[in-house]
């Protein structure tokens, strides 16, 4: 260690850029949110325009809030705090700028492509493949810039905020890449490599952990920096930080299947999803406790300081949402809540309460420091806080009421449980309309709060001089080798060895045969006892090892990766191996005809999955309403799967043949003509657009690569096949005076809808597909 | 639990808890014990996982979701079969002259059937129900079968499983109220 004193100027320019982008995209994302919430109340707000319909704008809302709003906020907070926590300027100004402008370009590309209907059809993973590659590249830029900065740090030991940033960077990279694996059919379209139940599992491994590692861990890191700074109090407990960090990153990954409870997902995965979600409760609350208890001795400051008000409320909402999550993961609770507004309320208490308020607190704290001028108006910041709080409470309370009401109505039966009490789906929808309106009001108030913050921001920084932080430090060449952990010491030490043994024995117990189960159970118990005994007698070695881990960034990163990778590997690999046609029992899907596939692509393009599920759960009310419960094999060839997550409209898994073609023809043009009271948008453009037949040949080739058993067809054969089926449908429509040319998109969509629920029965273990 | 502290605490102000020696950009850390209730919650959820997995995946005592719902559905079907057996042509005609049944049937018809058969029963997407043409048989029990089981090839959904026998019979009463019963039934109904 040299004792030469050097002066460092932080790169706060990129922090300011990300901060302003947060403000801008936050308002855009929330504005779209208020619009889509209004569309659910007033269908005319879809304006009969393709690029303004709910199905295309809802993905824009979710992507904007997650990746544009929280993304930019995260980058601002990570870059500001990391430079100060490691006492080093960001490694590369070029990479910092590339990161900023690259990310904004991605957001603009998303904002253009999503309304135009270019989508992959998977929630929060809708962006098309060229943008996916850009996201991955920019994320790598972020990672390089971050880890390079760590490598040049003048502070040997890593603070807890940095741990969470490391977990964020490596886990999001892993999740994003795996869930976006696709084979392109054109520059703008691709099919995901996974299909059916496997795609569902990968999607929710990603979706759930996007919540965990994009919306939670980076924000926890930000909390660990900005909250003690603002409160001027020490963090409550380092020990709690250690335990809740490692347990959080290990357990979170396993909980994804709780999005698929009571579905065709194999039962062992459902059980893992539910039980690990319950185990996640305490680790999540560890973060809440460390945040709230850090405020001890500073609570009086909440009266005057809007920053602390926002932080205290945000951490409280975090605690509420992470209690609600495990509750909703209990299978019987989920039977009521899944597909309902309760889930929407749950994510918004996280997004509005936790993410939005952390962002607001951080921005109010940073503004005076980055522009060297006091906040324009503390009064307006307080007004923002109260508008936002009332907005969230209205929103969340409305969604609880709405979700539970509709869930109870949909599941209610009469006449001894044999008949649905509310057979008409629209009765349940129209009962919750007042609550849906209340949601618009709550969300609107929240948006007004952010507009006030934007005004406050502009007034604060207008004419102000941007200022970059500086610090004088003793430069240090490197951490002495004897302090750092080598490869062996990283892996072979009491905490890691006992954790690995415990996980190994747990897997042997869960997945082994009858004999191995006993071995696993006893091995696990003995490991646990030995670990406790070892910790009781030699706890200082555990603590000393962790201290050394904190000066070894590479070792820390490797162990974090191992912890987050374990759960996914154990859940996904068996499913990938098993999810093959020859393994399907009971029922197996019939591949779509080329015209049906074209119709399916239209279904995906219009975002029908945002309101309609294709998954009849193993529950009597579901079966009474929609038909026999869905089997795993029935969606085997679905790339992407379309099981859905919210039923604003009824399930469509077996809608094929339920009505005739004429019904669909009338319904898509004017949903209220067949279904009075519906809030579904009309789709007039389907009656004028011609079906894209030219691309089908290439699409079928890609499907064949993905093991969908299509016979080889020449482009001419594809065309002939499409023309023949389209003609049949057009002629069927003619009988009831519904006149259309057979080459219109509505015909392809009807072909797809009318075959939903078609399957072949197979004998166990002898399933073979006829070509 | 024993304290694993290995590092000497920085000297805290009197009456304050010990702080960790390190500060990061001015941020200090206490090293307080984990709250017992928090630890117990964590342990309890782990024990629950072990017990839940053993019961549902290994003990052989639980029934699978598929088996469970198949049993429930068998009960539902048995109830419906028993209820449907009660209807014959004469009783359905009789119901069609009863204002209570007809009014209840009208409500269900308007909510469920009118989108295809029109509120005036004159037809649209589906055929007319007030003319003399009965594509699938004009006896009340034949019509009941059509409503219950649907004619899937023609786009008529099976309403029995959704509406249940009571509502289906009411709808039928409403439809029949637009028609005149045959002489023998009409006499019996009086």
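Side notes on the structure shown:
- Residue order, fewest to most surrounding Cβ atoms within 10 angstrom, among A:433, A:233, A:44: A:44, A:433, A:233
- Cα-projected label distance for residue A:330 with residue A:712, points at 7 Å along beta-carbon direction, nm: 5.8
- Chain B: most fluctuating residue of B:109, B:87, B:48 per GNM, C-alpha cutoff 10 Å: B:48
- Relative contact order (%) - segment A:587-762, alpha-carbon pairs under 8 angstrom, separation at least six: 37
- Extension gain, residue A:24 back to residue A:474 (0.36 nm per residue minus Cα-Cα distance, nm): 158.1 nm
- Estimated purely from DSSP H runs of n ≥ 4, each contributing -39500 (n - 2.57), the mean residue ellipticity at 222 nm for chain A is -20500 deg cm²/dmol once divided by its residues.
- Histogrammed with a bin width of 5 Å, the alpha carbon distances of segment B:10-62 distribute as 4, 16, 12, 11, 10, 10, 9, 7, 6, 7, 6, 2, 0 percent, first bin at zero.
- Degrees separating the helix A:54-63 axis from the principal Cα axis of chain A, which is the longest one: 20
- Note: relative contact order over chain B, using C-alpha pairs below 8 Å and six or more positions apart, is 18 percent.
- Contour minus Cα-Cα distance for residue A:183 and residue A:688 (0.36 nm per residue): 178.8 nm
- Principal-axis analysis of the Cα atoms of chain A puts helix A:715-735 at an angle of about 60° to the longest axis.
- Using alpha-carbon coordinates, inclination of helix A:281-294 to the longest axis of chain A, degrees: 40
- Three-way shape call for segment A:587-762 based on the alpha-carbon gyration tensor, with the a/c threshold at 1.5: oblate
- Kirkwood-Stokes translational diffusion coefficient of segment A:309-369, alpha-carbon pairs, 25 °C, 0.890 mPa s, µm²/s: 197
- Applying 1/(1 + (r/R0)^6) with R0 = 45 Å to the Cβ-Cβ distance of residue A:538 and residue B:62 gives a FRET efficiency near 0.60.
- Taken as Cα centroids, segment A:362-417 and segment A:655-728 sit 40 Å apart, rounded to the nearest whole angstrom.
- Ordered by the count of other Cβ atoms within 10 Å of each Cβ, fewest first, A:744, A:704 give A:704, A:744.
- Part-to-part distance (alpha-carbon centres) for segment A:531-546 and segment A:14-60, which is given in Å: 52
- Applying 1/(1 + (r/R0)^6) with R0 = 35 Å to the Cβ-Cβ distance of residue B:17 and residue A:491 gives a FRET efficiency near 0.55.
- Residues of segment A:367-393 with an amide N closer than 11 Å to a point placed 7 Å from the Cα of residue A:467 along the Cα-to-Cβ direction: A:368-374.
- Cα shape, segment A:435-575, gyration tensor, a/c 1.5 rule: oblate
- Shielding score for A:538-549, defined as the mean number of other chain Cβ atoms within 10 Å: 3
- Subtracting the Cα-Cα distance of residue A:52 and residue A:483 from their residue separation scaled by 0.36 nm leaves 149.3 nm.
- The mean number of Cβ atoms from other chains found within 10 Å of a Cβ in peptide B:67-75 is 4, as a whole number.
- For the residues of B:123-130, the average number of beta carbons from a partner chain within 10 Å of their own beta carbon is 3.
- Remark: relative contact order (segment A:487-579) = 23 percent; criterion is Cα-Cα distance under 8 angstrom and separation of 6 or more residues.
- Computed from Cα atoms alone, the Kirkwood hydrodynamic radius reported for chain A is 27.7 Å.
- Overall form of chain B per C-alpha gyration tensor (a/c, 1.5; a/b vs b/c): prolate
- FRET E, pair residue A:5, residue B:39, Förster distance 41 Å, beta-carbon r, rounded to 0.05: 0.35
Quick note: the coordinates plus some simple rules give every number you see, no bench work behind them. Only a predicted model underlies this, so the values are computations on that prediction, with no experimental measurement involved. Don't worry about glycine lacking a Cβ; one is built from the backbone with ideal geometry, like all the others, and counts go over all protein chains shown.
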